[in-house]
Every structure is written in structure tokens, then in C-alpha cells.
Amino acid sequence: MDNPHIADNTDTRERLKALVTRLSDADLLRPLGEGWTVAATFAHIAFWDRRVLRLLEKWEREGVRPSPLPADVDAINDAAQALCLAIPPRAAAQLMVDTAEALDRKIEQVAPELAAAIQAAGGHVSFKRWHHRREHLEQLEQMFGG
């Protein structure tokens, strides 16, 4: 697939991976505000990347069908927060890295026909995973130094 976002996805994935490698277990428990910790934020990133990964896998098997259900992102994040906080910090960080790697590989391999069908369906799936990752990454790099 000719995807102009592959380089940006790779950049943010590798920056997050490097950050995870140098953070201590205590760093992973640092609060970020509104009840979130560094590790819970990593789990949050993994959740949203994993959602896209699973949708791509499903659509490869079954074809693209838009969801009839609206997605209230803030409500989903609020509901997922307790789950994100319950995941052991180092496991949350590794889950984020593993999920980002799996999703980026999948995005790199998406057939042009599937990409066109996703675009035509007008769904809320973006191959620009870097956008969400960078939003959190910039906050974390500011906290821990880039």
C-alpha cells in the first residue's frame, strides 16, 4: 500500500519504544493528571491502536462495513481508564510497543482495495496513528526530556 503516513507512524512508534526502554518502574507510575499515569496512558494508546488493528483484520476477512453505533471517544476513554490503570505498568508499556509494531506492519500491508473501501465508508479509522501517538508522546517527552 502506498501510504504517506508510514514514516510518521514509524517515527512515533520508535520514539515511544525508546521512551519505554529508558523509563523506570517509578516513572511509569507518575501521574499525568485527571487520574491518568504514564503507564495507563501507554495502555490507552495500545487500546486505540489495537482497535484499528482488529478492525483491519476483520475487514480483510469480511469486507468493510461502517459501524451503526456512534463512538463517544470521551466516554470510551473514561470507561477504559480503570482498566488501563489496572494493567501492571511495565505490561502496559510493552503492550503499547507490541501493538504499535503489529498495527504499523498491518497498515504497511493493507491492500489498496481495502484502503479505498475504508475511505469510501467514511469510518473513523485512520492510518495516521502518529497523530494520536504524538499527542501523548510530546507530553511525555516534555516530562522526561526528549
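Express the Stokes-Einstein translational diffusion coefficient of the stretch 61-136 in µm² s⁻¹, to the nearest whole number, given a Kirkwood radius over alpha-carbon pairs, 20 °C and a viscosity of 1.002 mPa s.
145
If I stretch the segment between Lys128 and Glu57 completely, what's the gain in nm (0.36 nm per residue apart, minus their alpha carbon distance), one decimal? Walk me through the numbers on the way to the answer.
Values: separation 71, 0.36 × 71 = 25.56 nm, distance 1.70 nm.
Length gained between Lys128 and Glu57: 23.9 nm.
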- Counting each DSSP H run of 4 or more residues in the chain as -39500 (n - 2.57), what helix-only mean residue ellipticity at 222 nm follows after dividing by all residues, to the nearest 500 deg cm²/dmol? -24000 deg cm²/dmol
- Which value, in debye to the nearest 20, gives the size of the charge dipole of the chain about its Cα centre, when Lys and Arg are +1 and Asp and Glu are -1 at the Cβ? 240
- Message: Taking 2.2 N^0.38 Å as the expected size of a compact globular protein, what ratio does the Cα radius of gyration of the chain give against it, to two decimals?
- Response: 1.07
- Item | Candidate aspartates and glutamates for bridging to Lys17, where Cα separation is under 20 Å - those fewer than 8 sequence places away on the same chain excluded | Asp8, Asp25, Asp27, Asp49, Asp98, Glu101, Asp104, Glu108, Glu135, Glu138, Glu141
- Please name which of Val20, Ala46, Leu114 has its Cα lying farthest along the dipole of the stretch 6-144 towards the positive end, using unit charges on Cβ (Lys, Arg +1; Asp, Glu -1) and the Cα centre as origin. Leu114
- Message: Percent of Cα-Cα pairs more than 14 Å apart in the stretch 1-52, please.
- Response: 64
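Only the coordinates and a few stated rules stand behind these numbers; no lab work does. Note that the structure is a prediction, hence the values are computed from the model and not measured. Glycine also receives a Cβ, built like all others from the backbone with ideal geometry; neighbour counts cover every protein chain displayed.
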